[in-house]
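S.K.: Encoded as structure tokens, here's the structure I'll be asking about.
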Amino acid sequence: MIIETERLILRPLTQGDVDSMLEYQSDPDVIRFIPWPVRDRAMVAQSIVDLEKMVETTGAEKNFVFGMESKADGKIIGQVNYMLKGDREFQREIGYVINPKFGGRGYVNEALVAMIGYIFEMPGVERIYATIDPRNVASEKVAIALGMRKEAHHIRDDFFKGEWMDTLIYAILKSEWAKK
């Protein structure tokens, strides 16, 4: 599955992407809010295998991770994903991470606009949401720029990476996205 934007090709990750992915997946500042540990090269390679197995098991309409390939140099600069949690077929949670060398240039927004449009074309999907740590100000700005609304601020509702954290929920409905 491939989605093309002005500056990016969103595509499945491959073992050829390990070195590009390692640049950001081994950075403690980048993965601070991401649900995996700092990864070494072997862990990044295994994560690609695990992603392939997840898609084979659940189906690409339920869970998928796109590598964000820069058209300028063919390098993976980050990733965006969607997932079905539980049996709530009408909604998908989205996530995103970018190599800080490419941050602040609108790449994540560009990728997510394309991916959200793709998700809302899936039969039965009515709602897309993002779960954000409020300390991750950049991530919250992305959700707001996408037109998502803040639905909740849960206080100390998750013990994550050794500390209690709050959780923000941002969401957008298919009908709201269509008006954009």
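Bear in mind these aren't lab numbers, they're just calculated from the coordinates by the rules spelled out. Note that the structure is a prediction, hence the values are computed from the model and not measured. Here the Cβ is made from the backbone with ideal geometry for all residues, glycine too, and neighbour counts use every protein chain on show.
S.K.: Please give the net charge around LYS75, taking every other residue with its beta carbon less than 11 angstrom from that of LYS75, where Lys and Arg add +1 and Asp and Glu add -1. Display every interim value, and only then the final one.
M.R.: Numbers: positive: LYS71, LYS101; negative: ASP17, ASP19, GLU23, GLU69, ASP73.
Neighbourhood net charge equals -3.
S.K.: log₁₀ I(q)/I(0) of the range 126-180 at q = 0.23, 0.29 Å⁻¹, via Debye over equal Cα point scatterers, no solvent, to two decimals?
M.R.: The calculated log intensity ratios at q = 0.23, 0.29 Å⁻¹ are -0.85, -1.12.
S.K.: By the scheme Lys and Arg +1, Asp and Glu -1, what is the net charge of all other residues having a beta-carbon under 12 Å from that of GLY16? Display every interim value, and only then the final one.
M.R.: Details: positive: ARG11, LYS75; negative: ASP17, ASP19, GLU69.
In short, -1.
S.K.: Just to be sure I understand: if I project the alpha-carbon convex hull of the range 1-67 onto a plane and average over all orientations, what area do I get in nm²?
M.R.: 5.1 nm²
S.K.: For the residue pair GLU89 and ARG11, what label-to-label distance in nm results when each label sits 7 Å from Cα along the Cα-to-beta-carbon direction?
M.R.: Result for the modelled spin labels: 3.2 nm.
S.K.: Based on the alpha-carbon gyration tensor of the range 85-180, what equivalent-ellipsoid semi-axes (square roots of 5 times the eigenvalues) come out, in whole Å, largest first?
M.R.: 22, 18, 12
S.K.: What are the extents of the Cα atoms of the chain along their three principal axes, listed from largest to smallest and rounded to whole Å?
M.R.: That works out to 38, 37, 35 Å along the principal axes.
S.K.: Across every pair of different alpha-carbon atoms, what Kirkwood hydrodynamic radius in Å does the range 38-92 reach? Mind dumping the intermediate values first?
M.R.: On the way: mean 1/r = 0.0785 Å⁻¹.
In the range 38-92 this quantity evaluates to 12.7 Å.
S.K.: Once you list every other residue whose beta carbon is under 12 Å from the beta carbon of VAL125, what net charge do they have if Lys and Arg are +1 and Asp and Glu are -1? Numbers along the way, then the final one.
M.R.: Working: positive: LYS62, ARG88, ARG92, ARG127, LYS174; negative: GLU61, GLU89, GLU93, GLU121, GLU126.
My count for the surroundings of VAL125 gives 0.
S.K.: Going down the list LYS53/LYS75; LYS141/LYS174; LYS53/LYS179; LYS53/LYS174, which pairs span over 27 Å between their C-alpha atoms?
M.R.: On the way: LYS53/LYS75 23 Å; LYS141/LYS174 20 Å; LYS53/LYS179 36 Å; LYS53/LYS174 29 Å.
Beyond 27 Å: LYS53/LYS179; LYS53/LYS174.
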